[in-house]
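Trainee: Structure below; questions to follow.
The values are calculated or read from the model by the stated rules, or taken from the named source; none is laboratory data. This structure is a prediction, so every number in the text was calculated from the model and none was measured. Methodologically, a virtual Cβ is constructed for each residue, glycine included, from the backbone with ideal geometry; neighbour enumeration extends over all protein chains shown.
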Amino acid sequence: MSRKTFLKSGIRFGIFLSASQVLQYCKTSPNDRYDYERKNPFDPEFLSENISPILKAIRIGITAPNPHNVQPWKFKLIDDYSALLYVDEKRLLKDTDPTYRQIHIGQGTFLENLSLGIQILGYSAEVSLFPDGKYTIADIGKKPIAKIVLIKRDDLVQNPLSEFISERLTRRSIYEGEDLTWQDFEKIRKDSAVLYSELKFVPKAGSEKLRNQLIAAMQAETDTYNTYEESRIWFRYNDEEIGKFKDGLSLRATGVSGLKYYFARNFFLKPGAESWHSPENKKAGMDMFTSQVESSKGFIFLKTDHNEIIDWVQAGRDYLRLQLAATKNGFSLHPLSQILQEYSEMDLLRKEFEASLKPGEKIQMLVRLGKSDYHYYSPRRDPKDFIV
Ligand SMILES: Cc1cc2nc3c(=O)[nH]c(=O)nc-3n(C[C@H](O)[C@H](O)[C@H](O)COP(=O)(O)O)c2cc1C
C-alpha cells in the first residue's frame, strides 16, 4: 500500500497518525528496505568491507529461501576462501518437517545461492557434498553437508540468474495479472535450467481439485496443535521482534501491509498460545490462505526420482534456480508445502495427492505463481552469528 492510499483510507476510517507512524506502515517505493529487512548482499558498502571472500559469500548464501526462515545453517571457516556447511541442529522444524527433508532442501538453496551469487564477485565455488562420507539423519549438526572452496577466475562467464539474487523473495500476497500460459512456464523452465529434478506445470484452468487439496492441507496443519504451534514459535509479532530476532515469519511476510497491517497488528493479533489457537485467529489465517491460493495464476511442482537426503539437497539447488528464473520473468512465487509434509495427521491427504507418483518419486516443492508488487525482504541474522 502506498503512503497516499494509506493516508486516504486512514482519513476515511478516522485514524490520526503521526508522520513517523505513516512511515512505519508504508513504503514510498518498492525498492525501499526498512532497517529490519534483509540487506542487499551486493550493496557496495558490504562489498568494500574488509572481510574475507568466504564471509562475503556466506552473506550472499544466507539470503536463500529456507523453511519458516529459520536459517538452519552453521559454518566452520577453513581459511579466507573455504568453509564447511552444517545444518544448525538448534533450528529444526520437528513438527512440520519430522523427516528433516525441508531443512535439507534449505541446505541446497543456500549452496546454489552462494554459488551463483559469488560469481558476481569474480569467483566460482567448488562444492563437494558430504565431504566426511556417508551422512544420515543422526549426523545432523555433526557431519558437514558440504565443503565450499572459492576460486578466483578471470575468465568467468556469469550465470544470468545471479543478477536476480538481490530481488528474489517469497511473495505471499494476493496475485494479480493473467493466468500463466504454457509459454510462460517454458520460459521459466528454460531459464532455470534445473539440474537434478523435473518441473511440472499445472495451469490455473483445471486446478480446482488441487486448490481444494491445498486448502484442506492447510486446514489440517492449522487443526493439528503441534504443527500450528510451531508456526507461532517462529512468528515475530511486531517490527521490534522482527528486528531483534532477524528470523522467522511475520504478518509483513504474509503480505499484509498498510492499514490492514495497522489493524491486525494493533487490534487483533495478541501474543500468546491461547489467542493463536483461538477459533477466530485460525479462521482469519484460513481465510487469508484461501484467498491467496484462489488468486494463484498457475502452479509448478518440482519432482525428483528418488527421495534420499542427497535428493533433498539437490532439489534445494534446483528450487533456488526456479525461483530466480520466475523472478527474471516477472513472476512471484509462494511455496505451499503443507500437503507434502510427512507427519501423521497429513498422511491421508498427502498419500491421495501423491497417488500418481511412481515408487520412490517425491514432489519436493509445490509453488503457486502470479504477479504482485508487494515487497518485504525477510530479515537475516548477521553472517558472523552463523560461524562456529
Ligand atoms: C523447503 C521450503 C519450504 C517452504 N515452504 C513454505 C510454505 O509452505 N509456505 C510459505 O509461505 N513459505 C514457504 N517457504 C518459503 C520460506 O518461508 C521463505 O523462503 C523464508 O521465509 C525466507 O523468505 P524469503 O524467501 O522471502 O527470503 C518454503 C521454503 C523452503 C526452502
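Trainee: Mind checking which residues of segment 273-288 are more than 19 Å from I174 (Cα to Cα) and acidic (D, E)?
Mentor: Those that are more than 19 Å from I174 (Cα to Cα) and acidic (D, E): E274, E280.
Trainee: Here is a follow-up. For segment 124-150, how many residues meet the condition of being out of contact with any Phe, Trp or Tyr (no Cβ under 8 Å at 6 or more places or on another chain), at negative phi and either without any contact (Cβ under 8 Å) to a residue 60 or more places away in the chain or not small (G, A, S) (or both)?
Mentor: Within segment 124-150, the first condition is being out of contact with any Phe, Trp or Tyr (no Cβ under 8 Å at 6 or more places or on another chain), and the residues that meet it are 124-136, 138-139, 147-148.
Remaining after also requiring at negative phi: 124-129, 131-132, 134-136, 138-139, 147-148.
Then keep just the ones that are either without any contact (Cβ under 8 Å) to a residue 60 or more places away in the chain or not small (G, A, S) (or both); that gives 124, 126-129, 131-132, 134-136, 138-139, 147-148.
Number of matching residues: 14.
Trainee: For segment 350-369, name all the residues that are within 15 Å of the ligand (Cβ to nearest atom) and part of a helix (DSSP H, G or I). Give the steps one after another, and end with the answer.
Mentor: Start the filter on segment 350-369 by keeping residues that are within 15 Å of the ligand (Cβ to nearest atom), which leaves 350, 353, 362-369.
Listed by number, the residues that qualify are R350, F353.
Trainee: Can you say whether F46 is under 22 Å from W234 (Cβ atoms), surrounded by 15 or more Cβ atoms within 10 Å (Cβ to Cβ), in contact (Cβ under 8 Å) with a residue 12 or more places away in the chain and more than 16 Å from the ligand (Cβ to nearest atom), as far as the supplied structure shows? Let's see the steps before the verdict.
Mentor: Values: under 22 Å from W234 (Cβ atoms): no; surrounded by 15 or more Cβ atoms within 10 Å (Cβ to Cβ): yes; in contact (Cβ under 8 Å) with a residue 12 or more places away in the chain: yes; more than 16 Å from the ligand (Cβ to nearest atom): yes.
In short, no.
Trainee: Within segment 302-322, how many residues turn out to be assigned to a strand (DSSP E or B) and within 11 Å of the ligand (Cβ to nearest atom)?
Mentor: 1
Trainee: Which of the residues belonging to segment 124-146 are in a strand (DSSP E or B) and either of a type outside the set (G, A, S) or closer than 21 Å to E163 by Cα (or both)?
Mentor: Within segment 124-146, S124, A125, E126, V127, L129 meet the criteria.
Trainee: Another one. Working only within segment 323-344, note down all residues that are under 22 Å from S192 (Cβ atoms) and within 14 Å of the ligand (Cβ to nearest atom). Steps first, please.
Mentor: Kept after step one, since they are under 22 Å from S192 (Cβ atoms), are these residues of segment 323-344: 323-337, 340.
Once the filter is applied, which keeps residues that are under 22 Å from S192 (Cβ atoms) and within 14 Å of the ligand (Cβ to nearest atom), segment 323-344 yields Q323, L324, A326, T327, S332, L333, H334, P335, L336, S337, L340.
Trainee: Quick one: is S378 at pLDDT 95 or above and more than 13 Å from the ligand (Cβ to nearest atom)? Before the answer, list the steps.
Mentor: Numbers: at pLDDT 95 or above: yes; more than 13 Å from the ligand (Cβ to nearest atom): no.
So S378 does not fit the description; no.
Trainee: Continuing with this model, one more query. Which condition number does Q213 fail, the rest of (1) farther than 21 Å from F289 by Cβ; (2) touching a Leu at 6+ places or on another chain (Cβ under 8 Å) being met?
Mentor: (1) is the only condition that Q213 fails.
Trainee: Confirm whether L121 is more than 29 Å from L369 (Cβ to Cβ), more than 16 Å from the ligand (Cβ to nearest atom) and surrounded by fewer than 22 Cβ atoms within 10 Å (Cβ to Cβ).
Mentor: yes
Trainee: Let me ask something else. So which pairs qualify, if the first residue must be in segment 312-341 and closer than 10 Å to T109 by Cβ and not assigned by TED's automatic domain parsing to the domain that holds T109, the second must be of a type in the set (D, E, K, R) and within 10 Å of the ligand (Cβ to nearest atom), the Cβ gap must be under 6 Å, and the two must be at least 6 apart or on different chains?
Mentor: Q323/R168
Trainee: Could you tell me which of the residues L77, L114, L84, L92 is aliphatic (A, V, I, L, M), free of Cβ contacts under 8 Å to residues at least 60 places away in the same chain and surrounded by fewer than 24 Cβ atoms within 10 Å (Cβ to Cβ)?
Mentor: On the way: L77 fails: free of Cβ contacts under 8 Å to residues at least 60 places away in the same chain; L114 fails: surrounded by fewer than 24 Cβ atoms within 10 Å (Cβ to Cβ); L84 fails: free of Cβ contacts under 8 Å to residues at least 60 places away in the same chain.
Sole residue among the options that is aliphatic (A, V, I, L, M), free of Cβ contacts under 8 Å to residues at least 60 places away in the same chain and surrounded by fewer than 24 Cβ atoms within 10 Å (Cβ to Cβ): L92.
Trainee: If you don't mind, there's one more thing I want to ask. Residues in segment 119-134 that are under 11 Å from N159 (Cβ atoms) and either touching a strand residue (DSSP E or B) at 6+ places or on another chain (Cβ under 9 Å) or of a type in the set (K, R) (or both): how many? Steps first, please.
Mentor: Going residue by residue through segment 119-134, those that are under 11 Å from N159 (Cβ atoms) are 119-120, 124.
Next, from what is left, pick out any that are either touching a strand residue (DSSP E or B) at 6+ places or on another chain (Cβ under 9 Å) or of a type in the set (K, R) (or both): 119, 124.
Total meeting the criteria: 2.
Trainee: Check S372 against each of (1) over 18 Å from E221 (Cα atoms); (2) more than 15 Å from the ligand (Cβ to nearest atom) and name the one condition it does not meet.
Mentor: (2)
Trainee: If a residue must be out of contact with any Lys or Arg (no Cβ under 6 Å at 6 or more places or on another chain), buried (at least 18 other Cβ atoms within 10 Å of the Cβ) and among the acidic types (D, E), how many such residues does segment 187-221 contain?
Mentor: Matching residues across segment 187-221 total 1.
Trainee: Now for a separate question. Quick one: in segment 74-88, of everything that is out of contact with any Lys or Arg (no Cβ under 9 Å at 6 or more places or on another chain), not aromatic (F, W, Y) and not in a loop (DSSP other than H, G, I, E, B), which residue is nearest to D139 (Cα to Cα)?
Mentor: Step by step, filter segment 74-88, then rank; the result is K76.
Trainee: Here's something else I'd like to know. Name the residues in segment 93-123 that are assigned to a loop (DSSP other than H, G, I, E, B) and out of contact with any Pro (no Cβ under 7 Å at 6 or more places or on another chain), would you? Outline the logic, then answer.
Mentor: Looking only at segment 93-123, we keep the residues that are assigned to a loop (DSSP other than H, G, I, E, B), and these are 93-100, 122.
Selection gives K94, D95, T96, P98, T99, Y100, G122.
Trainee: Going by what's in this entry, would N50 be described as polar (S, T, N, Q) and either under 20 Å from A253 (Cα atoms) or touching a Ser or Thr at 6+ places or on another chain (Cβ under 9 Å) (or both)? Step through it out loud before you land on a result.
Mentor: Details: polar (S, T, N, Q): yes; either under 20 Å from A253 (Cα atoms) or touching a Ser or Thr at 6+ places or on another chain (Cβ under 9 Å) (or both): no.
No.
Trainee: Scan (1) out of contact with any Pro (no Cβ under 6 Å at 6 or more places or on another chain); (2) modelled with pLDDT under 95 for the single condition E308 breaks and write down its number.
Mentor: Unmet condition: (2).
Trainee: Further, regarding this structure: Run D347 past the list (1) more than 11 Å from the ligand (Cβ to nearest atom); (2) over 15 Å from the mean Cα position of the chain (by Cα); (3) over 20 Å from N212 (Cα atoms) and report the number of the one that doesn't hold.
Mentor: (3)
Trainee: If I ask for residues that are assigned to a helix (DSSP H, G or I) and within 12 Å of the ligand (Cβ to nearest atom), which ones from segment 243-258 would you list?
Mentor: The initial filter retains those residues of segment 243-258 that are assigned to a helix (DSSP H, G or I), namely 243-245, 252-254, 258.
If the condition is that a residue be assigned to a helix (DSSP H, G or I) and within 12 Å of the ligand (Cβ to nearest atom), then R252, A253, T254 are the ones that fit.
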